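The numbers here are math on the coordinates, done by the rules we state, and not lab data. Only a predicted model underlies this, so the values are computations on that prediction, with no experimental measurement involved. All Cβ positions, glycine included, derive from the backbone under ideal geometry; neighbour counts span all protein chains shown.
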Amino acid sequence: MSAYFRNIGIAISTLWDGMRLTWKHFVNKKELNATLQYPHEKWPIPERHIGFPEASYNIIRSRLHVDIDNCISCRRCERACPIHCIKIDAVKAPKDHELGQTSNGTDKKLLVARFDIDMAECCWCNLCTYDCPEECIYMVGGPNGKKHPIDYEFSKRDRNDLVFQFATASDEQVAEISAAAGVADPRAARKQRRENYYLPDGGQAEAVDVKAADKADKPAVDKPKVKAKPAEPKMDMSALSVIEDRVVRGLAKKTAMGAVRAGKQPVEVAEAVKAALSEAGKLTAALETIIGQLAQATITQPEAAATEKPVAETKAAKDTPEGEIDLSVLDGITDRMARGKAKAILNRAKRQGGPVAAAVDEIRTTLSGLGKLNSEIEEILAKLEG
Amino acid sequence: MSEALKNFGVVKAEEMVLNMGPQHPSTHGVLRLRIRTDGEIVSHIEPHIGYLHRCFEKHCENVTYPQVIPYTDRCDYLASMNNNHVYAMAVEKLMDIELPERVEYIRVIVAELQRIASHLMALGAMGLDLGGVTPITWTFRDRERILDLFEYTCGARLLYNYIWIGGLSHDLPPKFVQYANEFLDYFEKQIVEYDRILTYNKIFVERTADVGVLPVDVAISYGCSGPVLRGSGVNWDLRKNEPYSIYDRFEWEAAVGKGEVGTLGDCWDRYWVRVEEMRQSVRIVRQALAQLPKEGDVHAAIPKKIRPPKGEIYFRAENPKGDLGFYIISDGSPVPYRLKMRSSTFCNLSVLNEIARGWMISDVVAILGSLDIVLGEIDR
Ligand code: SF4
Ligand code: SF4
């Protein structure tokens, strides 16, 4: 009984206490209130210098900015980023083209044709800013920035606006320097590729894959090099892969490759590898047996002629039967199920390029198996054969 | 007697399966509970997870060691500093890095502040789940103050990438010690207020005391840790039992549940351990701020090239939610060969079926709140 009343007592007193606290917060809004009238009031952004010489470098991570005039396109920021949202294209300028210097006095040797940061992908880890040797990529938007006013919400109306493009070189400049350097103009190539993905009337071609287009950009510059590579004799070098020491393995593979390229026989290749390793002072008994295996490997000579298969011909051969068989003949079959089956079989035959007679036979057996074969169908099938 | 006659007069209700979540306000993120109920009594609970799976471990095999840190931020996003800390310590142990004193102190300060912030979130959310809307606004307000301190330190409010392998990204700002002390003075008074508005509130006590009792043996066999284990009366705190960093230099006590208002190991005990732990964290931060060495370069011990030697390591430490462990296999390259994260909340959640069976659906909410899970860490 007393426990019952004590319970009630505790309940009333704790509730009363809680209510009193709430009231205290209610009347003391200045100090204790928990909400902010957002568009009218905003949290202050802390002010802090990091110690970089650049005055507008801020501790606050609001938005990335690149002083493109100082960038030497070393791509360190690109490599530091864990999600690869920085994309850089650069053209190496030939000797007689001066690109000027950065404010730190470093000569710029590359022209930045593209410097895009997708801030919608960025995870604000700040890793890119620390690695930059010129301190030209940094977060802005805090109170320290004179150049960049406080960007509180950092919002955009369109998602595409979040891809910031910092490269300032003009199209002509990029074209001129790439022509002088003898490489493909990366910007023009990119533009072309993008246009190829869109139809001229403004509609979209199927499967617009902008990401793939971006990826395809990269090798554009050095593609001709890959193509120009002459066919080489190849040798099975898997025997060397068991070598544990990385340095030794690398050296052995390199020597072997060079020997094969020079047109040597397997035994000679093994000798060359052995000589190289003993010169480096790394030759052991275990290694010698491994190299011994190498001498047994075969060398495959390139077959230049084999690669030029007449692709067009095979395709043409495939195309011919398609023109001959006319599926619409089967539309005369009234039974729906029989029609569907017949069409499916004929279609398959058409695709595989098989003879029509065999397909008709198959239709006959299938339909008679289902008990659907009647004189009407027989007539049509006969027409098909004839 | 025939079968029909034997069951004569026995009313059998059919069991019902209820899906709670993945979009349910009290499942703390994207958790789906498949609850089998008999009337309103729970007979079986199956947590379904994976809605927030982001391939954390696989990602880590493709990025370099420093680049893993932003990913650890996103596991337990309420305690990013602690995640950074544990991961950095694991790699440091693998690489045998000696840290400057100042770095160790700063790490402990931010880690303990983050612990307070994480517990504040747990407190407020648990109150909210049980119908008390006021406390969460207060705990959020105070959590914001801690986040302000972090923003002032490293520029980010939630996902910091602040603790690096071998050091920190920035030193403390000039007025940090003063601001932090001001905050602690203010916060100590606030804990008393939480006690008054929530902890000892009769309604809250009625909802949580004696509910969802977790016996010690069950807790240990399920691998529970952190406040969930300590709420059952086990004195196990890695900061005390396996002191890492510099935790052995401070005077404090591990918070252990006592069964003050109900049975030992009930929801209220798990809740209370968190409140008590905040008090202890305040003590630690105060001492660390007082002892903080004036000199020291936070970048001094950061290696130029982070390439741990061949080998493997398992390192664990006390996160706000329990033991967080990192198992790293290194093949000598700048990229981890394999990285496994032992998530404390995953084990803590697995015990749910054991302790929630036989309680009502509304009690499941209380029990889940007292487990304090974060789906970002469970799914990874
Ligand atoms: S690290 Fe700096 S200099 Fe190098 S590419 Fe990036 S922004 Fe340019
Ligand atoms: S802040 Fe991090 S995610 Fe964003 S661009 Fe820099 S490195 Fe990449």
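Computed values, structure above
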read-out	value
Sorted by Cβ neighbour density within 10 Å, fewest at the top, the residues A:I380, A:I8, A:I117	A:I8, A:I380, A:I117
Region A:320-385 shape via C-alpha gyration tensor axes, a/c threshold 1.5	prolate
For region B:152-264: rounded, prolate or oblate by the Cα gyration tensor [a/c cutoff 1.5]	oblate
Over region B:64-342, equivalent-ellipsoid semi-axes from the Cα gyration tensor in Å	32, 22, 16
Computed magnitude of the charge dipole of chain B (debye, nearest 20; Cβ of K, R +1, Cβ of D, E -1)	660 debye
Counted charge near B:H24, where neighbours are those whose Cβ lies closer than 11 Å (Asp, Glu -1; Lys, Arg +1)	0
Estimated FRET transfer efficiency when R0 is 35 angstrom, pair B:Q178-B:Y244 (beta carbons, to 0.05)	0.80
Chain B: angle of helix B:361-371 to the longest principal axis, Cα-based, in degrees nearest 10	20 degrees
Degrees, to the nearest 10: B:176-194 long Cα axis against longest axis of chain B	20 degrees
Gain in span if fully extended, A:L162 to A:C123, counting 0.36 nm per residue against the direct Cα distance	12.7 nm
Tilt relative to chain B, helix B:80-95 - C-alpha long axis, 0 to 90 degrees, to 10	60 degrees
Global geometry of region B:58-193, whether rounded, prolate or oblate, following the gyration tensor of its Cα atoms and the 1.5 cut on a/c	oblate
